[in-house]
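Q: Attaching a single structure in structure tokens format; questions to follow.
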Amino acid sequence: MRIGSGYDVHRLVEGRKLILGGVDIPYEKGLLGHSDADVLVHAVMDALLGAAALGDIGKHFPDSDERYKNISSLLLLRDVSLLLKERGYTTINIDATIIAQRPKLSPYIEQMAKNMADVLEIPIGCINVKATTEEGLGFTGSGDGIAAQAVCLIAES
Ligand code: MG
């Protein structure tokens with residue numbers, strides 16, 4: 001078995017959609033990035049790539065590549081899933097945390113987990129998503145950005 005970890009941050013700005021775990025969340029701001037800037041999916045992708053010693057998402061999906069402009073990060077997650085499957089890895093479980101002062105994310109957590117489980121073709125019980133505020137501290141606490149962390153276990157099947 002192999003473990004991987006992922007971490008990502010995106011800045012919150014006006015005029016962008018807030019997409020987390022593939023869910024379009026109503027909010028006055030959204031995350032800035034080349035793709036849809038889905039910080040949760042990016043952290044999960046980096047955890048999976050890390051576990052397989054395949055580098056990181058910047059290596060596979062460079063933000064200079066026009067193909068990835070505004071792309072749904074779930075499509076990139078599907079590509080990561082295929083890379084791991086090609087190498088004979090199956091995903092045992094994923095645990096992820098979103099760090100955001102606002103908006104309240106609990107109504108959307110289950111759908112985020114389902115979206116990622118569907119793309120990865122793993123049971124919903126193998127993926128857990130959590131959200132926490134940062135008690136008003138730092139860039140996440142002030143609402144300037146959203147961060148996400150993820151860990152995963154994969155195994156050679
Ligand atoms: Mg990112």
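Q: Filter the chain for me: DSSP H helices, axial length by Cα at least 24 angstrom, mean Kyte-Doolittle hydropathy not below 0.5. List them by residue number.
A: Helix filter hits for the chain: none.
Q: For a 23 Å ceiling on Cα separation, which of these pairs sit above it: K29/K59; K17/K130; K29/K104; K85/K130?
A: K29/K59; K85/K130
Q: Next question, about the same structure. Is the shape of segment 26-99 rounded, prolate or oblate, going by the alpha carbon gyration tensor and its root eigenvalues a ≥ b ≥ c, with a/c under 1.5 for rounded and a/b larger than b/c for prolate?
A: Oblate, since a/c reaches 1.5 and b/c is not below a/b.
Q: Something else now. Suppose the chain between I71 and S142 were pulled fully straight at 0.36 nm per residue; how much longer would it get relative to their current alpha carbon spacing?
A: Residue separation times 0.36 nm, minus the Cα-Cα distance, leaves 22.8 nm.
Q: Here's a follow-up. Could you work out what % of the accessible surface of the chain is carbon and sulfur, using a 1.4 angstrom probe and leaving DNA, RNA and ligands out of the count?
A: 51 percent
Q: Sort 52-58, 3-9 for me by packing, meaning the mean count of neighbouring Cβ atoms within 10 Å per residue, highest on top.
A: 3-9, 52-58
Q: D79 to E121: extension gain in nm, 0.36 nm per residue of separation minus the Cα-Cα distance?
A: Computed gain between D79 and E121 is 13.9 nm.
Q: Find how much the distance from E110 to L32 grows on full extension, using 0.36 nm per residue of separation minus their present alpha carbon separation; answer in nm with one decimal.
A: So the chain would gain 25.7 nm between E110 and L32.
Q: Quick check on segment 63-157: of the DSSP beta bridges with both residues there, what percent are antiparallel, nearest 5%?
A: 60 percent
Q: With the other protein chains left in place, how much accessible area per residue, in square angstrom, belongs to segment 25-109 at a 1.4 angstrom probe?
A: 45 Å²
Q: Going by the alpha-carbon gyration tensor, a ≥ b ≥ c the square roots of its eigenvalues, is segment 1-156 rounded (a/c under 1.5) or, if a/c is not under 1.5, prolate (a/b greater than b/c) versus oblate?
A: Note, shape of segment 1-156 comes out prolate.
The values are calculated or read from the model by the stated rules, or taken from the named source; none is laboratory data. Since the structure is predicted, the reported quantities are computational estimates derived from the model, not experimental observations. So basically every Cβ, Gly included, is an ideal-geometry build from the backbone, and we count neighbours across all protein chains shown. Accessible surface areas use protein heavy atoms only, side chains included; no ligands, DNA or RNA. Shrake-Rupley method; radii C 1.70, N 1.55, O 1.52, S 1.80 Å.
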